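The values are calculated or read from the model by the stated rules, or taken from the named source; none is laboratory data. Fair warning: this is a prediction, and the values are worked out from it, not measured in the lab. FYI the Cβ positions are ideal-geometry reconstructions off the backbone, even for glycines, and counts take in every protein chain you see. Side chains are part of the model used for accessible areas, which takes the heavy atoms of the whole protein and leaves out ligands, DNA and RNA. Shrake-Rupley method; radii C 1.70, N 1.55, O 1.52, S 1.80 Å.
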Amino acid sequence: MQTNQETQGALERRIDMSVSVAEIDKEVEARLKRMARTVKMPGFRPGKVPMKIVAQTYESQARSEAIGAAVEKAFGDSVREQNLRVAGYPRIEPKDAAAEGTLEFSAVFEVYPQIELGDLSQSKIERPALVVGDAEVEKTVEVLRKQRTRFETAERAAGEGDRVVIDFAGRKDGELFDGGQAQDFPFVIGAGSMLKDFEAAVTGLAAGESKTFDMTFPEDYHARNLAGQAVQFEVTVKRVEAAILPAVDADLARALGVADGDVTKLRDEVRANLEREVKRRIQAKVKEQVMDALLTANPIEVPKALVDAESHQLAENARRDLEMRGMKTKDIPVEAAWFTDQAVRRVKLGLIMAELVKAKELYAKPEQVRALVEEMAQSYEDPSELVRWYYAQPERLGQAEAVVIEDNVVAWVTTQAQTVENAVSFDELMGNNAA
């Protein structure tokens, strides 16, 4: 067997292989002899089928297998000799013209890029800084109270925060339009579920009162036939309900999982949960900047084979997610091409991070993995149960190890880059609207 390598592009390679026909014939004969020991045919005992009949029946199969094995061996020997890291699978192409007594093939494939880690000293990373204080705890307790709001009938005009039950009918050019009418329709004034002009018209009405008013839909309204259109609504308020928030007391504490109803314990648990969430969000924002810094400092080309594989995996994940939501994916085409950009980023980061972990020895230490698992378990009623679950199977523990390695990379990069702390508000970090 002879081989010859050519460079086709940045990552694509071509290896020309020549395989001796005599060697192939020898291997075919050996394979047929092995088959003859066990082959079964009508009229013959196992292993007693004449060699001529075995050859007539199985020579084509044996020759195909022999050629495949010879090409695979030639390819494997060549990439090992030249220390090539093959990405994906080679494309084998037979050659029409070959020297006498030989079969010639070409293997076209991609290799992994050579990565020389770049300088990160000019990269800038901002780490959000926030200490959870009493104000953040009280704001969260208030959110928990609002989630348990109940409504009671109020004999007065409707105002901000009230729930109203209405009948309404909308007309455009004097004609009722689709979706413009309903009966016993409830909504909370100020919750944002209705257009502001509609809410404003209902505000101030008491049960039994009606109102007719003109309104213009926004230009960007989701229903295109109504966007920017002037309409007229007739509304009748059937009921006004005032919001009643629960007191911060033992009943609320028990409802939120504090068995003995201790309000101090409730606030302590809220603070602990907030601190975990703040830490998680800060880590996520820093991680995103670190990944961008790594991509900028290490521009590389990536094998198309790896990108294709990642794109198909992302598409499959999307399909599974849709199915879990109750959708039938056969009716929803999910194309791998939709995920190409995301796949390119993930493959680049995977290769760069693997090189960085190896070069800087950023592997996960057992104590780091244990600490992470125990930290994740803190939000569970029985933390030890989750710890046992992770350590019960290597695959689960491998997920935790991957997170630790990623954290190690992030921590190392922040020591190399220009990292500064930037104080942020609670609402800004949590992504809450200023309102």
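Using the rule -39500 (n - 2.57) for each DSSP H run of four or more residues, divided by the residues of the chain, the 222 nm mean residue ellipticity is -15500 deg cm²/dmol.
Ordered by solvent-accessible area of protein heavy atoms (1.4 Å probe), largest first, the residues LEU349, LEU256 come out as LEU256, LEU349. Solvent-accessible surface of the range 16-139, taken per residue with a 1.4 Å probe and all protein chains present: 64 Å². Between the range 371-427 and the range 145-213, what's the alpha-carbon centroid distance in Å? Using only Cα atoms to place each centre, the spacing works out to 46 Å.
State the percentage of accessible surface on the chain attributable to carbon and sulfur atoms; use a 1.4 Å probe and exclude ligands, DNA and RNA. With neighbouring chains kept in place, the figure for the chain is 48 percent. Distant-in-sequence amide contacts of SER106, defined by a placed amide H-H separation under 5 Å and a gap of 5 or more residues or a different chain, comprise MET17, GLU93, LYS95. If every alpha-carbon in the range 285-364 counts as one equal scatterer, what log10 I(q)/I(0) does Debye give at q = 0.12 1/Å? One equal scatterer on each Cα of the range 285-364 leads to -0.46. Hey, what angle do you get for helix 383-392 against the long axis of the chain, alpha-carbon based, 0 to 90 degrees rounded to 10? Taking the Cα atoms of the chain, the angle to 383-392 is about 20 degrees. Placing R0 at 25 angstrom, the Cβ-Cβ distance between LYS211 and LYS146 gives a FRET efficiency of 0.30 after rounding to 0.05. Starting from the Cα of GLN232, move 7 Å in the Cα-to-Cβ direction to define the label point; list residues of the range 178-218 whose amide nitrogen is under 18 Å from there. Counting backbone N atoms under 18 Å from the label point, the list is 178, 180-182, 198, 201-202, 210-217. Projecting the Cα atoms of ASN317, ALA230, ALA243 onto the charge dipole of the range 213-357, computed from C-beta unit charges around the Cα centre, puts ASN317 farthest toward the positive end. For the chain, take the longest principal axis of its alpha carbons; what is the angle in degrees between that and the long axis of helix 366-377, to the nearest 10 within 0 to 90? Taking the Cα atoms of the chain, the angle to 366-377 is about 30 degrees. Between the entries [x] 149; [y] 308; [z] 130, the label attached to volume of the Cα convex hull per residue in Å³ calculated for this structure is [y].
For the range 236-263 versus the range 317-354, the spacing of their alpha-carbon centroids is 42 Å. Build a GNM of the chain with springs between Cα atoms under 10 Å apart, and of GLU155, GLU110, GLU355 the one that fluctuates most is GLU155. Taking ASP25, ASP341, ASP220 in turn, the Gaussian network model of the chain (Cα-Cα springs below 10 Å) assigns the largest fluctuation to ASP220. Across the range 138-268, Cα pairs under 8 Å and at least six residues apart give a relative contact order of 32 percent. Simple point charges give the picture: +1 on the Cβ of Lys and Arg, -1 on the Cβ of Asp and Glu, and for the chain a dipole about the Cα centre of about 1960 debye.
If the chain linking ALA250 and TRP389 were pulled fully straight, counting 0.36 nm for each residue of separation and taking away their Cα-Cα distance, it would gain 46.7 nm. In plain terms, the chain from GLU288 to ILE332 could stretch by 12.8 nm, reckoned as 0.36 nm per residue minus the Cα-Cα distance. Which whole-number percentage describes the relative contact order of the chain, with Cα contacts under 8 Å and a sequence gap of 6 or more? Relative contact order here is 17 percent.
Length gained on full extension, ALA259 to THR415, computed as 0.36 nm times the residue gap minus the Cα-Cα distance: 51.7 nm. Centre-to-centre, using Cα atoms only, the range 29-47 and the range 84-139 are separated by 48 Å.
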